[in-house]
Structures are given as C-alpha cells and as structure tokens.
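The values are calculated or read from the model by the stated rules, or taken from the named source; none is laboratory data. Owing to the predicted nature of the structure, the values given are computational and were not obtained by experimental measurement. Cβ placement follows ideal geometry from the backbone for every residue including glycine, while neighbour counts extend to all protein chains displayed. Side chains included, ligands, DNA and RNA excluded: accessible areas come from the protein's heavy atoms. Shrake-Rupley method; radii C 1.70, N 1.55, O 1.52, S 1.80 Å.
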There are 2 protein chains.
Amino acid sequence: MSYYKHHVFFCTNLREDGRPCCQRFGAQAMRDYAKKRCKDLGLAAPGKVRINTAGCMDRCAEGPVVVVYPEGTWYTYVDQEDIDEIIDEHLLNGRVVERLRI
Amino acid sequence: MSYYKHHVFFCTNLREDGRPCCQRFGAQAMRDYAKKRCKDLGLAAPGKVRINTAGCMDRCAEGPVVVVYPEGTWYTYVDQEDIDEIIDEHLLNGRVVERLRI
C-alpha cells in the first residue's frame, strides 16, 4: 500500500525566458489552495493525501499540470473550481475527472 | 500506462530552523547528479524516466528521501553510490533496492 493514498504534485516551475510554464498560470497559489483545503478536510496525513510542489515535469505545453500518484493521473486546471473538483471527485471519492485529464 | 515509467521525486526542502530536512544532506546535488546520469543513459524521456525536485514530502526524520512512482517505492540514500544503485537496479532493471528502502 502506498504511503500516501494520493500523492499530488503541482508543477510550480517558472521559466524566465517567456516560454510556456506552469507558474505563469498561478501554479504556486493553486498548490497552496489545494494544500490548505486538503488540510481543512482532514486529508493531510499518511495513508491519505499529500500535496507537493515539484519542479518542471516536462509537459509544459499542456500546463499548468498536476499529477496524482500512484494512479499516474495527469490533470490541467484553470481555476479554483477545477482544483475543488479534483479534490472532491478524485481525492475524496476516487473518481477521475475526465474533463481535466491530459 | 504511466506517462513516465518511473517518475522520481527528490525532496530538496530546506528548513532554516535546524530541524531535520533533506536539503541538509545535499539533496539538490544528489538530484542533479541523478538527473544528469539518467540523461547520459538515455533514460530521460516520456515512457522512460523523469527526475524531479519536490518540496517537503513530510518524512523528514527518515530523510533524505526520494520516492519512485507509480510504484510508490521510498528510498533514503547517503552518497552517489546509493543513487547509482537506485538507477542501475530500480530504474534500469525494475528491481527494488531493499537495503535503501524506507
């Protein structure tokens, strides 16, 4: 069994040269929001959920990206509502959010 | 099938208050070493291996830590020889390195 049931990595990489990067879409703020909301829901613990930042995961053109392991499900998102849907559907109920999947 | 066959996250978090943290053990340098070695081996590509940095993964007392997904295998390491063993055994041959597992 996985140490975390769902281990979530937000790419928060910033490219300074103008090429596409997740941080240009507010990735750090979205990660912070997800981390706080998971904590508020009592999900932040071994056996449950961990929300992490990560460096560039090399899917920049499809970003901003987040990946959920061990499932290996990749998502993109636009706003907090998308993050809420990933939390409510995937992290709480184990259902992949197909409309955000990449 | 997972976008990366092995997606590896090195915690490179630095705590400034003296508590244990992975960065105190040279985590960033080890991640850089692993990334370069995987690139040199031709492993750095979709369907193969991705080496990433990550923020604190909250296993600080067991650190420095690295996790390999989608397997969910957690390792600690001391030096480049340990990193080489994880690359040669796990990433190249799919064999868990039990002596480094946490």
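Within segment A:4-31, how many residues are in a loop (DSSP other than H, G, I, E, B) and either open to solvent by 40 Å² or more (accessible area, probe 1.4 Å) or at negative phi (or both)?
12
Can you tell me which residues in segment A:59-79 are within 9 Å of the chain's Cα centre (by Cα) and in contact (Cβ under 8 Å) with a residue 60 or more places away in the chain?
Matches in segment A:59-79: A:Val68 only.
Exactly one condition in (1) touching a residue at least 12 places away in the same chain (Cβ under 8 Å); (2) within 14 Å of chain B (Cβ to nearest Cβ); (3) open to solvent by 30 Å² or more (accessible area, probe 1.4 Å); (4) of a type in the set (A, V, I, L, M, F, W, C) is false for A:Ala44; which is it?
Every listed condition holds for A:Ala44 apart from (1).
Go through (1) open to solvent by 30 Å² or more (accessible area, probe 1.4 Å); (2) under 23 Å from A:Asp58 (Cβ atoms); (3) over 11 Å from the mean Cα position of the chain (by Cα); (4) within 12 Å of another protein chain (Cβ to nearest Cβ) and name the single condition B:Leu92 misses.
(4)
Do the conditions hold for A:Ala34, that is, is it within 9 Å of another protein chain (Cβ to nearest Cβ) and either open to solvent by 10 Å² or more (accessible area, probe 1.4 Å) or in contact with a strand residue (DSSP E or B) (Cβ under 9 Å, 6 or more places away or on another chain) (or both)?
Details: within 9 Å of another protein chain (Cβ to nearest Cβ): no; either open to solvent by 10 Å² or more (accessible area, probe 1.4 Å) or in contact with a strand residue (DSSP E or B) (Cβ under 9 Å, 6 or more places away or on another chain) (or both): yes.
The answer is no for A:Ala34.
Give segment B:53-87 a look and list any residue that's part of a loop (DSSP other than H, G, I, E, B), open to solvent by less than 30 Å² (accessible area, probe 1.4 Å) and away from chain A (no Cβ under 11 Å), or say none.
Across segment B:53-87, the qualifying residues are B:Gly63, B:Pro64, B:Tyr77.
Return the residues of segment B:27-36 that are hydrophobic (A, V, I, L, M, F, W, C) and touching a residue at least 12 places away in the same chain (Cβ under 8 Å); say none if nothing qualifies.
Within segment B:27-36, B:Ala27, B:Met30, B:Ala34 qualify.
Quick test of your reading of the structure: A:Met1 fulfils all but one of (1) open to solvent by 70 Å² or more (accessible area, probe 1.4 Å); (2) more than 9 Å from chain B (Cβ to nearest Cβ). Name the failing condition by number.
Every listed condition holds for A:Met1 apart from (2).
Could you give every pair whose Cβ atoms fall below 7 Å, whose first residue belongs to segment A:1-26 and is hydrophobic (A, V, I, L, M, F, W, C), and whose second residue is surrounded by fewer than 17 Cβ atoms within 10 Å (Cβ to Cβ) and in a loop (DSSP other than H, G, I, E, B), counting only separations of at least 6 or pairs across chains?
What qualifies is A:Cys21/A:Leu14; A:Cys21/A:Arg15.
Looking at (1) charged (D, E, K, R); (2) open to solvent by 40 Å² or more (accessible area, probe 1.4 Å); (3) in contact with a helix residue (DSSP H, G or I) (Cβ under 9 Å, 6 or more places away or on another chain); (4) at the interface with another protein chain (Cβ under 10 Å from one of its Cβ atoms), which one does A:Arg50 not meet, given that it meets all the others?
A:Arg50 satisfies every listed condition except (2).
Return yes or no: is A:Lys39 without any contact (Cβ under 8 Å) to a residue 24 or more places away in the chain, within 24 Å of B:Ala27 (Cβ to Cβ), out of contact with any helix residue (DSSP H, G or I) (no Cβ under 8 Å at 6 or more places or on another chain) and of a type outside the set (Gly, Ala, Ser)?
Spelling it out, it is not the case that A:Lys39 is without any contact (Cβ under 8 Å) to a residue 24 or more places away in the chain, within 24 Å of B:Ala27 (Cβ to Cβ), out of contact with any helix residue (DSSP H, G or I) (no Cβ under 8 Å at 6 or more places or on another chain) and of a type outside the set (Gly, Ala, Ser).
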